[in-house]
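Take a look at the structure set out below.
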Amino acid sequence: MNIFAWMQTYPDFSITEQTIAQYLIENGHRCANLNAETIMSECYVSRAALYRFCPHCGFSGLRAPLLQMNADAVKWNQQTAALDFSYPFTEQDDLLTVASSLQKDYSQSILMAQSLLVQKDLEKAIQAMRKASRIVVFTSASNIPAAQSFRFQMAEINKTVLVPMDEYEQRLQAAQCGPDDFPIVITMAARGWNAPFLIRHFQKTERPWLLISSRTLALAPSDTAYRLFLPNEEDHAARISSFSTRASLNWLLDVLFAAYFQLDYQANRLRKANAYKIIGSKGR
């Protein structure tokens, strides 16, 4: 994960640690010249507070995160170039400018989603998908078409994915999920009608499950709850449309499909080829 994305979205910083994180994000271009004394002086924090901050970023000391910032800075600057994700174009823009603005929205959204991806968490989810007899995806509203597309992709390689849609059907399916099922819950901030129930329910079970959400959604640590994150740059209550959320979610579900496909690459190629040979055959 990009260290700037981690610092921007990590939910458990203290107030002092938030001050340090914001300072490092704003001064990433200076990271090669920063040291403990400079950070302590400009943030008005103690050395102890600074070194308590480092483990949150996965490091025991300060030098390593500064080196990581230097490595991640170029990509982070590309991702955070000025763009209003809630209103990526204006009423004065011509049609080509609108098209260009949407392309920038999609590109930056995917770059941000990529920066939030942690390989070991993705590997856990893929292995759980592999072991499961069925994958059950729970989501709502405009996320449902993305889940349906994922269901179709997996069906092409003979993996069963269910996408229950209405409230009762989702609760019924959640209650009936067995040890051979792998539930996936997709919600940005648990605002959907069923999301709080689903999260509470699967937290109580001992089976692996996956939560795809923004990092602002808090979840108690668990050995069976896997997490993948989406950027949360739009104002859900004041936006033209969920351009950014859709782009990043479709990308992440494509990553899940691609990683699963790769587990048995040649066999999956053959499955698709054979299926479409039968589907495309003519005559009786």
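Structural remarks
- When residues in the stretch 212-225 are screened for being part of a loop (DSSP other than H, G, I, E, B) and either modelled with pLDDT of 85 or more or open to solvent by less than 50 Å² (accessible area, probe 1.4 Å) (or both), 6 of them pass.
- Just so you know, in the stretch 39-55 the residues that are open to solvent by 30 Å² or more (accessible area, probe 1.4 Å) and farther than 18 Å from GLU26 by Cα include one that is nearest to the chain's Cα centre (by Cα), and it is PRO55.
- Among the residues of the stretch 186-206, the ones that are under 11 Å from ALA174 (Cα atoms), part of a loop (DSSP other than H, G, I, E, B) and within 21 Å of the chain's Cα centre (by Cα) come to 1 in all.
- Of residues in the stretch 168-191 being touching a helix residue (DSSP H, G or I) at 6+ places or on another chain (Cβ under 9 Å) and open to solvent by 20 Å² or more (accessible area, probe 1.4 Å), the one farthest from LYS124 (Cα to Cα): ARG171
- The single residue among LEU111, LEU122 that is over 15 Å from ILE212 (Cα atoms), of a type in the set (A, V, I, L, M, F, W, C) and in contact with a helix residue (DSSP H, G or I) (Cβ under 8 Å, 6 or more places away or on another chain) turns out to be LEU111.
- Total residues in the stretch 1-25, condition outside any helix (DSSP H, G or I) and modelled with pLDDT of 75 or more: 2
- Residue selected from the stretch 75-97 under the condition open to solvent by 30 Å² or more (accessible area, probe 1.4 Å) and part of a helix (DSSP H, G or I), by the criterion modelled with the lowest pLDDT: GLN78
- Enumeration of residues in the stretch 226-244 that are part of a helix (DSSP H, G or I) and either farther than 28 Å from MET129 by Cβ or open to solvent by less than 20 Å² (accessible area, probe 1.4 Å) (or both): SER244
- For the stretch 262-284, the tally of residues that are assigned to a helix (DSSP H, G or I) and either farther than 25 Å from LEU228 by Cα or open to solvent by 30 Å² or more (accessible area, probe 1.4 Å) (or both) stands at 16.
- Within the stretch 201-211, being of a type outside the set (Ser, Thr, Tyr), surrounded by fewer than 22 Cβ atoms within 10 Å (Cβ to Cβ) and out of contact with any Pro (no Cβ under 8 Å at 6 or more places or on another chain) holds for HIS201, GLN203, LYS204, GLU206.
- Counted residues, the stretch 250-284 - those being at pLDDT below 95 and under 12 Å from the mean Cα position of the chain (by Cα): 0
- Only a single criterion out of (1) modelled with pLDDT under 95; (2) closer than 21 Å to LEU230 by Cα; (3) touching a helix residue (DSSP H, G or I) at 6+ places or on another chain (Cβ under 8 Å) is not satisfied by ILE157, namely (2).
- Scanning the stretch 111-119 turns up no residue that is of a type outside the set (Lys, Arg), open to solvent by less than 10 Å² (accessible area, probe 1.4 Å) and closer than 24 Å to PHE197 by Cβ.
- Selection of the stretch 1-21 for residues being open to solvent by less than 40 Å² (accessible area, probe 1.4 Å), out of contact with any His (no Cβ under 9 Å at 6 or more places or on another chain) and of a type in the set (A, V, I, L, M, F, W, C) yields ILE3, PHE4, ALA5, ILE20.
- Looking across the stretch 26-38, just one residue is part of a helix (DSSP H, G or I), modelled with pLDDT of 80 or more and open to solvent by less than 30 Å² (accessible area, probe 1.4 Å), and that is ALA36.
The values are calculated or read from the model by the stated rules, or taken from the named source; none is laboratory data. Computed from a predicted model, the values in this text were never measured in an experiment. Here the Cβ is made from the backbone with ideal geometry for all residues, glycine too, and neighbour counts use every protein chain on show. SASA here: full protein model, heavy atoms, side chains in, ligands and nucleic acids out. Shrake-Rupley method; radii C 1.70, N 1.55, O 1.52, S 1.80 Å.
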